[in-house]
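Quick note: the coordinates plus some simple rules give every number you see, no bench work behind them. The structure displayed is predicted, hence computed values, not measured ones. All Cβ positions, even for glycine, are placed from backbone atoms using ideal geometry, and neighbour counts span all protein chains on display.
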Amino acid sequence: MDEGEPVSIWPYTTRRWERVRQQKMMRDPLCEACLTVGEIVPAEVVDHRKPITKEGREKRSAAEAFPPLDKLASLCASHHNAKTRAEQRGEDTGAKAAIFSGGQTIPTTIGTRMPPRIVDRS
Ligand SMILES: [Zn+2]
């Protein structure tokens, strides 16, 4: 771990994270948020369901950074972006609860761009 790296990108630049990410992707290769609404979309990123706390980052907490795979989420780019935006706006709890509650749709308030669907307008 380089001392000069910004704290905010830890642990995503570590080899350990890369291993954890690959394990998660092999186990859950599809976007979990899309699956809750019946969409089959390949995951592109692995993310923490519960963001690493500021304290956790400062202490380089392995327990927070490299949790069991169940505590991680495979997401498509669209859902990852939506979640990240929600977190940045301080909406983490509600937005992520909605994304991962299982079977629930994503609130439109977080601006999620859903994958295209075939709509029969005839
Ligand atoms: Zn998705």
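If R0 equals 25 Å, the separation of the Cβ atoms of Leu30 and Arg85 corresponds to a calculated FRET efficiency of about 0.70. If you filter segment 1-84 for GluC sites (Glu not before Pro), then keep DSSP loop positions with at most 10 other Cβ within 10 Å, what is left? Loop-located and lightly packed - Glu3. Ranking of Ile52, Ile40 by neighbouring Cβ atoms within 10 Å, starting from the fewest: Ile40, Ile52. Summing charges over all other residues whose Cβ lies under 12 Å from the Cβ of Gly56, with Lys and Arg as +1 and Asp and Glu as -1, gives +2. Extending 7 Å from the Cα toward the beta-carbon at both Arg49 and Ile9 defines two label points whose distance is 2.8 nm.
With N counted as the residues of segment 7-77, its alpha-carbon radius of gyration over 2.2 N^0.38 Å works out to 1.12.
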